Structure formats: C-alpha cells, structure tokens
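The values are calculated or read from the model by the stated rules, or taken from the named source; none is laboratory data. Because the structure is predicted, anything quoted here is derived from the model rather than measured. Note: ideal-geometry Cβ built from the backbone for every residue, glycine included; neighbour counts use all protein chains shown. We work out accessible area using only protein heavy atoms, side chains counted, and drop any ligands, DNA or RNA first. Shrake-Rupley method; radii C 1.70, N 1.55, O 1.52, S 1.80 Å.
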Amino acid sequence: MNIIIVGCGKVGEVLAAQLNKEGNNVTVIDERAEKVKAVANKYDIMGVIGNGACRSTQIEAGVDSTDLLIAVTGTDEVNLLCCLVAKKSANCRTIARLKNPDYNIDASYFKDELGLSMVINPELAAAREIARILNFPSAMKIETFAKGRVELLTFKIPDGNRLHGMSVREVAAKFKTDVTFCTIERDDDAFIANGNFVFAERDLVSIIASPASAKAFFSKIDYKIQPIKDTIIVGGGSIAYYLTDILLRSGISVKIIEKSRERCSELASEFERAVVINGDPADEDVLREEGIASASSVVALTGLDEENILLSIFAKKSGSRKVVTKVNRIEYDNITSQLDLDSIVHPKNITADTIISYVRAMNNSSGSNIETLYNLINGKAEAAEFTVFEGSPIVGKPLMELKFKPDVLIASIQRGRTQISPRGQTVIEPGDSVVIVTRGIALNDIADILA
C-alpha cells in the first residue's frame, strides 16, 4: 500500500517505522529538512521537504497514486487542510490527528463533511487509558476489546505473592477464575503463556478477562485493590484537560498543578470542582505542600519526559499509592523499566496502534476484519481483535483441530454479550469477536494465525 505521512514528529516517526516494517511504501513530508532526512535515512523510505498542505508538495510525494494520507503535524488546522487537499485532488483515504479540545465535539462533523476516513485524538485516547488505570489501580496497563466488555490487564507479581513458583496450569486449577494468561515479560525476555510456564516474583503478566472476572482473580491471589478517591495531576495540557473531565464525572477529586498562570485560569474556569494550583511542578516543596504524600494517585503530565520520570520517582518515594507517568520518547523504555514505576502511558503509541489497525483492515481479506490492535511488551508481542465472517477457515472447527503457527494464543471470544474463554473444544462462529495474542507475526487477517 502507498502511504503518505505528513509530519515527522514523534507520532509520524513511529508510524513511518511500523508501516514501513509491515511492507507498505511510505513517504514522509515535513518542512523541517533535518527531520525529513533523519527519518528517511533511518527507515530507508522516501522523504519530501515542504508544506504538506500544498497540493504541489503532495503531488511531489506521489499523492496521485497514494492509497492513504495520514496528517499528524503539530497543528490541527494544518492536518485538516492536508486531508482536504488530498481528498479533493486524489480521492485517497485520509486520517487526521486533532488534539485541540475545541475540535473534539466537531470530530464527527469533520469526518463526514471532509470525507475523512478517521479522526484521532491522541490526548483524549491517553486520558481514557489513564482513567481506566486509575479505576483499576492494581493494573499497570489496561486495554479494552469488544467495546469494553473484555479487558487486557498487565500487572507485576509482587514479592511474596502466592503466584510465585506456580505454573499457569496450576493457577487455573487452584483459583478457578475465568481469565486467560497472555504474555509474560521477565527481564528482557518475552513469552506467550502456556500451561507449563512457571511464574516468578516481579514478572510482568498480561491477562484477558471481563472486568468482573479480573476483579475476582485479583481478590483470589490476594492482590489488594484500593480504590482511587483523589488524584494530583502535574501539568495542565490537553491530556490533563480530558482526564480532569473524565475523573470528575466518575467522582474522583482532582487537583492540578500547572506552571502557567494563564493556563491555570483557563482550567479553573472550565472545571469549578477541580482545585487548580499555579506552581512549578519541578519544585519539591510545592509538591509536598499540595499533599503529594497523601494523594491516592499522582499523574505526571508535563511536557518533558525527564521531568515526568523524576516527578513519578519522587511521588512513589513520598508515599503516593498509584503513579501514572506520561512518556513520549520510546528510547526511554530501557531506563523506565529499571525504575519500578507503576504505569507508563505512551500517547504516540496509542495513536500509532489505532492507525496501524486501520491500515491492516484495508489490507485484509474477506474472512475477518481487524477492529483493534495493541502493542505489548515494547513491541515484542501484540494483541489484535478481529470480527470473523462467514467463510473464514477458522470457522466451524474445534480449536484443537486447527493447526496454528508458533507463539499464537487465542485469548478471548466474544459472542454477542457473552465472553467465552477458549478451550480445545471451542468452535468459532461467524460474527464472533476474537482476540489473538502473537509474537513476531503481523496479522492482517485472522487466517494468518494458521500454519
């Protein structure tokens, strides 16, 4: 597939890398010559220096033969104009990133009137992920499938927990909870769960279950769940705006610490029930005075990754029960994994996963359609949700009779409102929503899991 990406920022580079890796012909556009050259050389793709909203620049990038244009510059208006020009001149599919809250209520209008294939708001998506984590604080990360009826939760096995030394099969037999173990990360190694795998302290474990089954499982393994009643949000940007709105509506008290007095005034006028403090997030005295030690949770959302990491370390040492850290630069993963932080959110990865799942849906066959896609364990594994159609080769046969590729796990089947934990005798039916966890396989169609 021929794809143009306008914008060589963090999201643009992640998209370029992943879409190129999956065999697409990628061209990037940006006015910053050094960024275009760096991304083009790093991933061996085409690069065009210029204004992506200009038709002449798009023609130079090959828009006439392009299947999809993705506009992810730092300016919403430029993204919309890029898509409009591409749609009018080449009638290709278009995706625009819009992050300004003012545009959020008009997203459907833009999509319909401008003919956009997708409008994505990474800040809102990140806020929703953080809110899910705060609503289930035992989890380090939570992804949703089947319109929220099924969740993929990642948690760390605490020192001394009863899971230590038990195999997956033993855990299933002893606790009899309706969860499916998916992946395990231990040091630098990643594993797809099988019945013989033995858990150890500090393993990062991903499970798939309904929300009710997940809560029952954590209760049976003595993994304490204390509800979050209040949070301190450090940094008052767009993610903080969306998160504050979500948390206040769910009954969680919110205090925001923001350096800009002007931004504080905007947030205070928008959220009367939130406490907005004008202060320097890097000042430990300010954080102590505002109660960071007694807060149920702290969310670090400043514009600097380094500051967010240091803030989170300080919050943990001060006594905060749950800490969520926003990190944009994937290069910091090796560092953050050594720091024992609670939960880390990568907004650009959320955006990239959503767009890549759409691209794969454009490429797939008629046997299924990919609905959602999540990278797991720093890209070493992924979870993909498919809707299965009549005629798919996985329909109508017990799973035990199908031959799968290595490192493939059927993690969940959603049939209407019923969640099914797959077993050997389980038969997939047309219309089922199926979650597949894989390592080293890029799935476009659910049939790709068959050997």
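In the range 11-28, what residues are outside any helix (DSSP H, G or I) and of a type in the set (A, V, I, L, M, F, W, C)?
Within the range 11-28, VAL26, VAL28 qualify.
Mind checking which pairs have a first residue in the range 29-42 that is more than 21 Å from THR66 (Cα to Cα) and assigned to a loop (DSSP other than H, G, I, E, B) and a second that is hydrophobic (A, V, I, L, M, F, W, C) and open to solvent by less than 60 Å² (accessible area, probe 1.4 Å), Cβ under 8 Å, 6 or more apart or different chains?
Within 8 Å, the pairs are ARG32/CYS8.
Collect the residues in the range 12-46 that are open to solvent by 10 Å² or more (accessible area, probe 1.4 Å) and β-branched (Val, Ile, Thr), keeping them in residue-number order.
Residues satisfying the conditions are VAL14, THR27, ILE45.
Considering each residue of the range 319-352, count those that are in a loop (DSSP other than H, G, I, E, B), open to solvent by 10 Å² or more (accessible area, probe 1.4 Å) and either in contact with a Leu (Cβ under 6 Å, 6 or more places away or on another chain) or not small (Gly, Ala, Ser) (or both), and give that number.
Adding up the residues that qualify gives 9.
Check whether at least one residue in the range 259-268 is small (Gly, Ala, Ser), surrounded by fewer than 19 Cβ atoms within 10 Å (Cβ to Cβ), touching a strand residue (DSSP E or B) at 6+ places or on another chain (Cβ under 9 Å) and over 18 Å from GLU123 (Cβ atoms), and report yes or no. So that I can check it myself, show each step before the final result.
Here is the first cut: in the range 259-268, the ones small (Gly, Ala, Ser) are 260, 265, 268.
Subset that is surrounded by fewer than 19 Cβ atoms within 10 Å (Cβ to Cβ): 260, 265, 268.
From what's left, touching a strand residue (DSSP E or B) at 6+ places or on another chain (Cβ under 9 Å): 260, 265, 268.
Retained after the next criterion (residues that are over 18 Å from GLU123 (Cβ atoms)): 265, 268.
Checked against the condition, which is being small (Gly, Ala, Ser), surrounded by fewer than 19 Cβ atoms within 10 Å (Cβ to Cβ), touching a strand residue (DSSP E or B) at 6+ places or on another chain (Cβ under 9 Å) and over 18 Å from GLU123 (Cβ atoms), the range 259-268 yields at least one hit.
Condition test on LEU373, is it over 14 Å from the mean Cα position of the chain (by Cα) and either open to solvent by less than 20 Å² (accessible area, probe 1.4 Å) or touching a residue at least 24 places away in the same chain (Cβ under 8 Å) (or both)?
Judged against the criteria, LEU373 is not a match.
If ASN135 satisfies every condition in (1) free of Cβ contacts under 8 Å to residues at least 40 places away in the same chain; (2) open to solvent by 50 Å² or more (accessible area, probe 1.4 Å); (3) among the polar types (S, T, N, Q) but one, which is the exception?
Unmet condition: (1).
Give the residues of the range 222-253 that are crowded, with 19+ Cβ neighbours inside 10 Å and over 22 Å from LYS326 (Cα atoms), sorted by residue number.
Within the range 222-253, none qualify.
Based on what the data block shows, is ILE256 touching a helix residue (DSSP H, G or I) at 6+ places or on another chain (Cβ under 9 Å) and open to solvent by less than 20 Å² (accessible area, probe 1.4 Å)?
Yes; evaluated as a whole, the condition is true for this residue.
Cβ-Cβ distance below 7 Å, separation of 6 or more or different chains: which pairs start in the range 249-262 with a residue that is farther than 17 Å from ALA300 by Cα and free of Cβ contacts under 8 Å to residues at least 24 places away in the same chain and end on one that is hydrophobic (A, V, I, L, M, F, W, C) and surrounded by fewer than 10 Cβ atoms within 10 Å (Cβ to Cβ)?
none
Condition test on ILE221, is it among the β-branched types (Val, Ile, Thr) and closer than 30 Å to GLY291 by Cα?
When the stated conditions are applied, ILE221 does not pass them.
Considering only the range 418-451, how many residues are touching a helix residue (DSSP H, G or I) at 6+ places or on another chain (Cβ under 9 Å) and over 19 Å from ASP353 (Cα atoms)?
9
Could you please find all residues in the range 303-318 being in contact with a strand residue (DSSP E or B) (Cβ under 6 Å, 6 or more places away or on another chain) and open to solvent by 10 Å² or more (accessible area, probe 1.4 Å)?
LEU311, LYS316
Which of the residues that make up the range 356-379 are of a type in the set (S, T, N, Q) and not in a strand (DSSP E or B)?
The answer is SER357, ASN363, ASN364, SER365, SER366, ASN378.
Could you tell me how many of the residues in the range 291-300 are within 20 Å of the chain's Cα centre (by Cα) and open to solvent by 10 Å² or more (accessible area, probe 1.4 Å)?
From the range 291-300, those within 20 Å of the chain's Cα centre (by Cα) are 298-300; that's our starting set.
Then keep just the ones that are open to solvent by 10 Å² or more (accessible area, probe 1.4 Å); that gives none.
Of the residues in that region, 0 qualify.
Just checking, how many residues over the range 86-113 are in contact (Cβ under 8 Å) with a residue 12 or more places away in the chain and either over 20 Å from the mean Cα position of the chain (by Cα) or open to solvent by less than 40 Å² (accessible area, probe 1.4 Å) (or both)?
Looking only at that region, the number is 15.
Results for (1) at pLDDT 90 or above; (2) in contact with a helix residue (DSSP H, G or I) (Cβ under 6 Å, 6 or more places away or on another chain); (3) open to solvent by 10 Å² or more (accessible area, probe 1.4 Å); (4) more than 29 Å from ILE370 (Cβ to Cβ), shown as yes or no for each residue.
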position: ILE142; (1), (2), (3), (4): no, yes, no, no
position: ARG149; (1), (2), (3), (4): no, no, yes, no
position: LEU152; (1), (2), (3), (4): yes, no, no, no
position: MET166; (1), (2), (3), (4): yes, no, yes, yes
position: GLU170; (1), (2), (3), (4): yes, no, yes, yes
position: THR177; (1), (2), (3), (4): no, yes, yes, no
position: ILE184; (1), (2), (3), (4): yes, no, no, no
position: ASP188; (1), (2), (3), (4): no, no, yes, no
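Is it the case that LEU116 is within 27 Å of the chain's Cα centre (by Cα), of a type outside the set (D, E, K, R) and more than 30 Å from LEU243 (Cα to Cα)?
On the way: within 27 Å of the chain's Cα centre (by Cα): yes; of a type outside the set (D, E, K, R): yes; more than 30 Å from LEU243 (Cα to Cα): no.
It is false that LEU116 is within 27 Å of the chain's Cα centre (by Cα), of a type outside the set (D, E, K, R) and more than 30 Å from LEU243 (Cα to Cα).
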